[in-house]
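Heads up, the thing below is written out as structure tokens.
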Amino acid sequence: MRSAINRSIEEVIRERRGLCNFRYRPVAVKGKAATGFRWQNLQLAPNVAAVYTRQYPDHLNTGLICGELVGLDIDTPHAETADAIRSMVSELPGADKAPYRIGKPPKLVVAFRTDEPRPKLATGAYLIDGLKCQLEVFGTATQFVAYGTHPETGRNYEWFNGSPAETPLADLPEITPAAIDGLLARAEAHFAERGALIKPASKVRDSISREAGDHPWSQINSQALANLDAWVLALDLEGLRRYASGYHSVASFRPTRSTYIRRRNRALSLQPEGIFDHNGDGYMSPIDLVGACLGMPAPDAADWLQSKLGITTAPAISVRGLLSQPARRAAARRLTSTLS
């Protein structure tokens, strides 16, 4: 079998472009680790797959970011136990049409889609005949490796019963939160009957959402992502086009890296999940983007977005947290002068 080392850049570009066309969210991976700042928000457009891939020439494994995509990871090296959990998965509605990927058998990942994305979930981890066994459900802010070479076996990941390369995301069988919860409960009981608990069941929190909530303008940023149409067109972004649930465009606010401006790709992705500049600084908040496009400081950009979104009550902003000490002194002097 061909290894990831021998996979050419052009092969990987075609692979990722095809996945984008089928509405998946590919991400560059080295071994099993995704790369790039805030890669969880990555939303590649097909026509920037080449630029993105060439930025990471030694990351030739391809992961698929989950959310709408759900990966049921039977992370169970114990063959008999893996077969039992796989049998439970096969009883889910539509499971006979679900593609599954094998990297290091008997472990496997089964692909579904959902209309109700949730963070990653997992059973507890149990020791069965000396082997750690667990069922994980990949959700928002996670990914699983879909193509390339398994870092332990040195062999290519293989797909059966179809694959993302030939099955659009919309055509995957749907799985509901209730079905996921039921599967986890059955798997947990099976593990508990046969092994010793070494790690309790846990949920991986959505770190991106948590960080956004800590931002002093989180309300404005959140509402802006939920209502892109209210403000994106007013930025007059170069080459703006509809894509997926939002837009993509040329990032005309930053200098080009190309000799000819006409060669610039639409590397700026604006989606409800986030804004990502693939050839620039990576993740951007709506306030960051407005400031870059209109040449505004952050407070003015926040005010501009509020007006576009119809937000009448500004969230509480800590001036102490936003200004340096000299700037705070200057602001205090201006306020004192105005009052006098």
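The values are calculated or read from the model by the stated rules, or taken from the named source; none is laboratory data. Being a predicted model, the structure only gives us computed values, none of them experimental. Cβ placement follows ideal geometry from the backbone for every residue including glycine, while neighbour counts extend to all protein chains displayed. Heavy atoms of the whole protein, side chains included, go into the accessibility calculation; ligands, DNA and RNA do not. Shrake-Rupley method; radii C 1.70, N 1.55, O 1.52, S 1.80 Å.
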Checklist outcome for this item: Whole-percent carbon and sulfur contribution to the accessible surface of segment 30-97 (1.4 Å, no ligands, DNA or RNA) stands at 51
Checklist entry - Computed FRET efficiency, Cβ-Cβ of Ala79 and Ile198, R0 25 Å: what is it to the nearest 0.05? => result 0.80
Checklist entry - Dividing the alpha-carbon radius of gyration of segment 58-186 by 2.2 N^0.38 Å (N being the number of residues), what value is obtained? => result 1.00
Checklist outcome for this item: Once Lys and Arg are counted +1 and Asp and Glu -1 for all other residues with Cβ under 15 Å from that of Arg25, the total becomes +2
Next on the checklist: I want the local charge near Pro177. Using Cβ-Cβ distances under 12 Å, sum +1 for each Lys or Arg and -1 for each Asp or Glu among the other residues.
Outcome noted: -3
Next on the checklist: Just to confirm a number: summing +1 for Lys and Arg and -1 for Asp and Glu over residues other than Asp58 whose beta-carbon lies under 14 angstrom from that of Asp58, what do you get?
Outcome noted: +3
Checklist entry - Taking a quarter of the surface of the convex hull around the Cα atoms of segment 46-112, what do you get in nm²? => result 6.0
